[in-house]
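The values are calculated or read from the model by the stated rules, or taken from the named source; none is laboratory data. Just so it is clear, the structure is predicted and the values come from calculations on it, not from any experiment. Neighbour counts are summed over all protein chains in view; Cβ atoms, including those assigned to glycine, are modelled from backbone coordinates with ideal geometry.
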């Protein structure tokens, strides 16, 4: 059947110009999202991605696989005073991606509903809970969503000729280069092809569905049948292992691996499941052909992957909800026809308002304060340890997460990664910005902990300095005689607390001594701790340390 509205545009109650109010609302919402670039806290993934960009810009070999932001934004580091501000520059660069996504969502919705309801669909999407707060972030998701939705728009709304279909395929391939999960968009695109199959010339239709069938069967066989380690197919064995490992990583966590986030998303935008249900009801009441019915359901597959996809975190809804919007458009159109545009807009606006009211702006201020504090302590960049790269312009000794998948890989490797980094690099700073690092440095309770060798290395070689920043140091408790210490962070150390004797040489309070990596002896004071703090009288920031959370949930 041709791509056209499901029904003639109904008169909109109480509206002289049906498109005006939803258009004004979506423009205002986009402007609000742009303002949120500067008030929302930066997510830990964004810090991590920025640290990768810094490494790439510095000439370090970093894998470009699934990381399109590395070459795209390698010019950004250093364009502003702070790395947190650099990240916000990149967030601004995501605004064109949002505009492209919205145009594509509108075009897809217009294949099903009239213009006013299609504009309302944009408001429903951009304001849908985590979509509202995660649309403009430093991730591959906005780029992949723009490309994937462009591919879907071509198949849903453009003439189904070879040139347009090749454009759709090219956009989908580019989306896959951004993130492998773009393969999920193959289902909505297949659904659109099934719905509009009669519009495709018979030879081209047979070629398309034949190729899709062959690809599906071939892919299943490739994954199911073990390849020999010798012979012609042996070269494909590493690719097969990588594919199977990726599938396990993506889907190996059981049902609803992040079910809490899904429930939160539905709670933040309750009109989404309601509109999906009504939209399906409307479509099934109208369309009796099985191709049309299956096709509309396939539009929902990316959103439904929350049931099995391990990485279904809040930012993922930007990606997965977009192709479901034509179904939601059908449901919204039904409500508009019965209750009027303004009432439906009020319901969507109320959901948006509740999300905004719950926004915590303090973490963004805390992140800026922490970065400024680190720059005040260390006038020149140093190598440091943290969870996700919060001081983006400094080098990370361990460029992985100390939580989640990063921690799982660390456990699998079974090697003291942090101690080895300290033995290889000079690491004068650690930021306790994860439960694992807080456990190692402060003995705080945590379900996930580092290996015992790493816990000991961190706990014995760093002392609190300011806020959550620890610097290399040693504390020798009061007593008699001397204590043997093992130094993993070489360099200058300032003597604090009491005068002492280090390796047989007297050292007064305030003296700066140079300690090499290895064993040393430090004389105890009878009544006072002797503290050796890395650096030449490292300053303590005058401003108070940030209090409260460093991150929002997402």
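Scanning the range 194-208 for residues that are in contact (Cβ under 8 Å) with a residue 12 or more places away in the chain and either outside any loop (DSSP other than H, G, I, E, B) or in contact with a strand residue (DSSP E or B) (Cβ under 9 Å, 6 or more places away or on another chain) (or both) gives 194, 195, 197, 198, 199, 204, 208.
The residue list 441, 437, 451 contains one member that is under 27 Å from the mean Cα position of the chain (by Cα) and crowded, with 24+ Cβ neighbours inside 10 Å, which is 437.
If you go through the range 412-447 and keep only what is touching a helix residue (DSSP H, G or I) at 6+ places or on another chain (Cβ under 6 Å) and assigned to a loop (DSSP other than H, G, I, E, B), you end up with 416, 432, 444, 446.
Is it the case that the range 140-158 has a residue that's in contact with a helix residue (DSSP H, G or I) (Cβ under 7 Å, 6 or more places away or on another chain), free of Cβ contacts under 8 Å to residues at least 24 places away in the same chain and crowded, with 23+ Cβ neighbours inside 10 Å? Scanning the range 140-158, I find at least one residue that is in contact with a helix residue (DSSP H, G or I) (Cβ under 7 Å, 6 or more places away or on another chain), free of Cβ contacts under 8 Å to residues at least 24 places away in the same chain and crowded, with 23+ Cβ neighbours inside 10 Å, so the answer is yes. Residues of the range 462-474 that are at negative phi and at pLDDT below 95: 468 alone.
Inspect all residues belonging to the range 35-47 and state whether any of them is in a loop (DSSP other than H, G, I, E, B), closer than 30 Å to residue 546 by Cβ and without any contact (Cβ under 8 Å) to a residue 60 or more places away in the chain. Steps first, answer last, please.
At the first step, the residues of the range 35-47 found to be in a loop (DSSP other than H, G, I, E, B) are 40-43.
Now restrict to residues that are closer than 30 Å to residue 546 by Cβ: 40-43.
If we keep only those that are without any contact (Cβ under 8 Å) to a residue 60 or more places away in the chain too, we end up with none.
No, because not a single residue in the range 35-47 is in a loop (DSSP other than H, G, I, E, B), closer than 30 Å to residue 546 by Cβ and without any contact (Cβ under 8 Å) to a residue 60 or more places away in the chain.
Please tell me if residue 418 is over 16 Å from residue 490 (Cβ atoms) and either crowded, with 18+ Cβ neighbours inside 10 Å or more than 24 Å from the chain's Cα centre (by Cα) (or both). Yes: the conditions hold for residue 418.
In the range 465-482, how many are in a strand (DSSP E or B) and closer than 13 Å to residue 373 by Cβ? Break it down into steps so the answer makes sense when it comes.
Within the range 465-482, the first condition is being in a strand (DSSP E or B), and the residues that meet it are 465-466, 469-476, 482.
Going one step further and asking which of them are closer than 13 Å to residue 373 by Cβ, we end up with 465-466, 469-471.
Number of matching residues: 5.
Of the numbered criteria (1) out of contact with any strand residue (DSSP E or B) (no Cβ under 8 Å at 6 or more places or on another chain); (2) in contact (Cβ under 8 Å) with a residue 40 or more places away in the chain; (3) farther than 20 Å from residue 138 by Cα; (4) outside the structural domain of residue 133 (by TED's automatic domain parsing), the one residue 385 fails is (1). Would you confirm, using the coordinates I've provided, whether residue 364 is over 18 Å from residue 465 (Cβ atoms), in contact (Cβ under 8 Å) with a residue 60 or more places away in the chain and not assigned by TED's automatic domain parsing to the domain that holds residue 276? Taking the combined requirement at face value, the residue satisfies it. Residues in the range 362-411 that are touching a helix residue (DSSP H, G or I) at 6+ places or on another chain (Cβ under 7 Å) and part of a strand (DSSP E or B): 2 in all.
Out of the residues in the range 497-508 that are more than 24 Å from residue 425 (Cβ to Cβ) and either in contact (Cβ under 8 Å) with a residue 60 or more places away in the chain or part of a loop (DSSP other than H, G, I, E, B) (or both), state the one that is nearest to the chain's Cα centre (by Cα). Break it down into steps so the answer makes sense when it comes.
Taking the range 497-508 and keeping what is more than 24 Å from residue 425 (Cβ to Cβ), we get 497-501, 504-508.
Of the ones still in play, those that are also either in contact (Cβ under 8 Å) with a residue 60 or more places away in the chain or part of a loop (DSSP other than H, G, I, E, B) (or both) are 497-499, 504, 508.
Numbers: 497: 44, 498: 48, 499: 49, 504: 53, 508: 50 Å.
That would be 497.
Does residue 393 satisfy the criteria of being surrounded by fewer than 19 Cβ atoms within 10 Å (Cβ to Cβ), under 18 Å from residue 50 (Cα atoms) and at pLDDT 95 or above? Taking the combined requirement at face value, the residue does not satisfy it.
Once the range 509-527 is narrowed to residues that are in contact with a strand residue (DSSP E or B) (Cβ under 7 Å, 6 or more places away or on another chain), in a loop (DSSP other than H, G, I, E, B) and farther than 26 Å from residue 427 by Cβ, the residue that is modelled with the lowest pLDDT is 525. Of all the listed residues (334, 290, 281), the sole one being surrounded by fewer than 16 Cβ atoms within 10 Å (Cβ to Cβ) and modelled with pLDDT of 95 or more is 281.
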